[in-house]
Amino acid sequence: MNRDLLASHQPLYVFDEAIFESIADGLVTHGFAVLDNGLPDFLCQTLLDCQASLSEQEYQAAGIGRADDFHHAKEVRGDEICWITGSSEEGALWLSWCDALKQYINRTLFMGLFSFESHFACYEAGKFYKRHVDAFRGQSNRVLSLVAYLNDQWGEEDGGELVIYSNDSDSKGRKVIPRKGTVVVFLSERFPHEVLPAKRTRHSVAGWFRVNGSINQHIDPPK
Ligand code: OGA
Ligand code: MN
């Protein structure tokens, strides 16, 4: 740790903004961005180490819906997830990269992104996530979705592609191979997407930037 940096109140980490610029460009032009090798190598390695250190007990079956509406639905999604907190150094590094991206997007696109939540996801062979949107218009404060992949040597034969559809009537979509280092960012309310069945264990990190939904006495996010 560089104490001079700390003492001068500079950010703890300084990240290359070129990747943030590509993401912002993609969002402006298409509403989404797909970047091969978008994840800086050191961050990819950090996430891989962190993921590898997780025990099976730390993963939980993913569900759908929020709060009272939350339930597990194996016919919709079969991944296991582990939320990332800043309590480990690895987790803190990931969150600070995402925070730097958030600040860049707010500075350049004025999206008013407020908070971020993120988890590791693991799809065992045969698991999938059926077509869905991450946020329904006006019903959620998730506005920007981010996925990064951690899979070495992943080929088309391994399945598990993310398919991004351009709108509700699009049935063809665009496939993204979940290869190590690939980063996908898209507007949460706009793009239906799905994860096709993986043929072997598939590791990723997913996250969502939210706007602040606090109105009157109702404080968001809820405790
Ligand atoms: C999600 C999701 C996509 C992926 O977790 O909501 O759509 O490629 N993930 O893992
Ligand atoms: Mn999704």
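Conditions (1) within 12 Å of ligand 1 (Cβ to nearest atom); (2) small (Gly, Ala, Ser), marked per residue:
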| site | (1), (2) |
| --- | --- |
| PHE120 | yes, no |
| TYR123 | yes, no |
| PHE128 | yes, no |
| ALA135 | yes, yes |
| LEU162 | yes, no |
| GLY173 | no, yes |
| ARG179 | yes, no |
| VAL185 | yes, no |
| PRO197 | no, no |
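Taking GLY91 as the residue in question, decide whether it is touching a Ser or Thr at 6+ places or on another chain (Cβ under 9 Å) and open to solvent by 30 Å² or more (accessible area, probe 1.4 Å).
Judged against the criteria, GLY91 is not a match.
Could you list all residues from region 91-143 that are over 24 Å from HIS193 (Cα atoms) and of a type in the set (Val, Ile, Thr)?
THR108, the sole residue that qualifies.
Output the residues belonging to region 17-68 that are in contact with a Cys (Cβ under 9 Å, 6 or more places away or on another chain) and of a type in the set (A, V, I, L, M, F, W, C).
LEU54
Got a sec? Which strands (runs of 3 or more DSSP E) wholly within region 104-180 have at least 1 residues that are touching a residue at least 60 places away in the same chain (Cβ under 8 Å) and hydroxyl-bearing (Ser, Thr, Tyr)?
Answer list for region 104-180: 115-123, 129-132, 142-149.
For the condition open to solvent by 40 Å² or more (accessible area, probe 1.4 Å) and touching a Lys or Arg at 6+ places or on another chain (Cβ under 9 Å), what is the one hit in ARG137, ARG131, ARG174?
ARG137
From the set of residues in region 191-210 that are open to solvent by 30 Å² or more (accessible area, probe 1.4 Å) and in a strand (DSSP E or B), which is nearest to SER145 (Cα to Cα)?
GLU194
Does any residue of region 49-62 turn out to be crowded, with 20+ Cβ neighbours inside 10 Å, touching a residue at least 24 places away in the same chain (Cβ under 8 Å) and in contact with a strand residue (DSSP E or B) (Cβ under 7 Å, 6 or more places away or on another chain)?
yes
The values are calculated or read from the model by the stated rules, or taken from the named source; none is laboratory data. Quick caveat: nothing in here was measured; it's all calculated off a predicted structure. Neighbour counts run over all protein chains shown; Cβ positions are idealised from the backbone, glycine included. These accessible areas exclude ligands, DNA and RNA; they are computed on the full protein's heavy atoms, side chains included. Shrake-Rupley method; radii C 1.70, N 1.55, O 1.52, S 1.80 Å.
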